[in-house]
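This report concerns only the one structure given below.
The values are calculated or read from the model by the stated rules, or taken from the named source; none is laboratory data. Worth saying up front: this structure is predicted, and the values here are computed from it rather than measured. All Cβ positions, even for glycine, are placed from backbone atoms using ideal geometry, and neighbour counts span all protein chains on display. SASA here: full protein model, heavy atoms, side chains in, ligands and nucleic acids out. Shrake-Rupley method; radii C 1.70, N 1.55, O 1.52, S 1.80 Å.
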Amino acid sequence: MAAQGRGTGGLADPADDAAAYRAAREVPREGLGAWREAVAEEAGLRPGMTVLDVGAGTGGFATAFREWFGVDVLAVEPSAAMRALIPADDGITVLEGRAEALPVGDGCADAAWFGSVVHHIEDLVAAARETRRALRPGAPVLIRNVFPGRAERDLRLRFFPETADSVAYYPPVEHVVTVFTAAGFHRTALRTLPQESAPTLAAYADGLRRGTDSKLRSLSDAAYARGLDRLRAAAAADPTEKAVSWMDLLVLRADG
Ligand SMILES: C[S@@+](CC[C@H](N)C(=O)[O-])C[C@H]1O[C@@H](n2cnc3c(N)ncnc32)[C@H](O)[C@@H]1O
């Protein structure tokens with residue numbers, strides 16, 4: 001994961017960090033219905049196809065894709081602690097590597113998935129070139145991310161508005177499209193989709209782990225405390241409100 005921030009939310013041990021990431025950041029499968037539907041529509045994944053999961057983290061989406069679509073997954077992840085938690089099975093191959101130098105053969109995959117990772121990639125130009133190399137002609141790259149100027153309905157921005165300061169440095173949609181277009185892709189869709197992060201705002205607040213989230217880590221302790229107060233107040237005002245957060249799905253397709 002990215003380096004620790006200036007607040008006190010960081011975790012010292014990478015293994016603790018990865019376990020906390022899984023507990024706090026993996027969205028429960030039942031909260032991802034809209035994402036399952038959108039990926040099905042955009043990528044047409046079928047059993048026997050191969051999906052390249054770039055920056056797979058603890059494998060939440062690798063296992064979801066396997067369960068939803070019966071695909072084989074190549075899960076590429078640079079962090080040993082995160083990789084150790086990916087449930088490898090005969091359909092999920094776990095690989096050490098980075099987006100900029102993918103440890104896979106040419107034209108080996110039918111789709112690529114970047115889940116909350118483009119803002120972590122140091123050399124996006126190399127990553128786009130590598131993704132094009134790894135994909136078959138016509139294959140989609142599916143980018144799930146928060147983008148600057150489009151994140152108002154993300155729960156973290158709603159309750160911790162200062163997180164917008166770090167999102168402002170994320171690559172904007174237009175930049176990602178330009179970089180991938182230069183590498184041999186064309187843009188086909190940009191959709192904003194909901195996920196149910198927890199059944200209530202109170203449960204969402206209980207599950208927050210600041211050290212697992214680069215946006216929350218970037219806050220001062222005072223800003224984080226103010227955000228938690230806002231969140232707890234909203235949870236008390238409407239104990240039935242579900243914790244629904246929205247993110248973008250940007251889809252590009254390999255030329256040819
Ligand atoms: C916020 S996590 C997202 C994990 C997973 N995709 C998900 O949606 O739960 C970002 C992941 O990107 C990985 N990462 C950071 N730099 C990377 C790079 N250059 N190439 C590939 N993955 C990278 C981190 O180790 C981390 O596991």
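Quick notes on this structure:
- Test: residue in the range 30-42 that is near the ligand (Cβ under 9 Å from one of its atoms), within 17 Å of the chain's Cα centre (by Cα), crowded, with 17+ Cβ neighbours inside 10 Å and not hydrophobic (A, V, I, L, M, F, W, C): no
- The set of residues from the range 82-94 being farther than 21 Å from Arg133 by Cα, within 16 Å of the ligand (Cβ to nearest atom) and open to solvent by 30 Å² or more (accessible area, probe 1.4 Å) comprises Arg83, Ala84, Leu85, Pro87, Ala88.
- The criterion of at least 2 residues that are touching a residue at least 24 places away in the same chain (Cβ under 8 Å) and more than 18 Å from Trp113 (Cα to Cα) is met by the following helices (runs of 4 or more DSSP H) wholly inside the range 7-92: 14-25, 80-83.
- Residue in the range 126-147 that is of a type in the set (Asp, Glu), assigned to a loop (DSSP other than H, G, I, E, B) and within 13 Å of the ligand (Cβ to nearest atom) present: no
- Filter result (more than 7 Å from the ligand (Cβ to nearest atom) and farther than 20 Å from Pro140 by Cβ) within the range 98-107: Ala101, Pro103
- Residue list for the range 50-81, filter: among the β-branched types (Val, Ile, Thr), more than 9 Å from the ligand (Cβ to nearest atom) and in contact with a Leu (Cβ under 7 Å, 6 or more places away or on another chain): Thr50, Val51, Val71
- Within the range 229-256, the set of residues being within 30 Å of Ala134 (Cβ to Cβ) and open to solvent by less than 90 Å² (accessible area, probe 1.4 Å) comprises Ser245, Trp246, Met247, Asp248, Leu249, Leu250, Val251, Leu252, Arg253, Ala254, Asp255.
- Flag for Ala164 being assigned to a helix (DSSP H, G or I) and in contact with a helix residue (DSSP H, G or I) (Cβ under 7 Å, 6 or more places away or on another chain): yes
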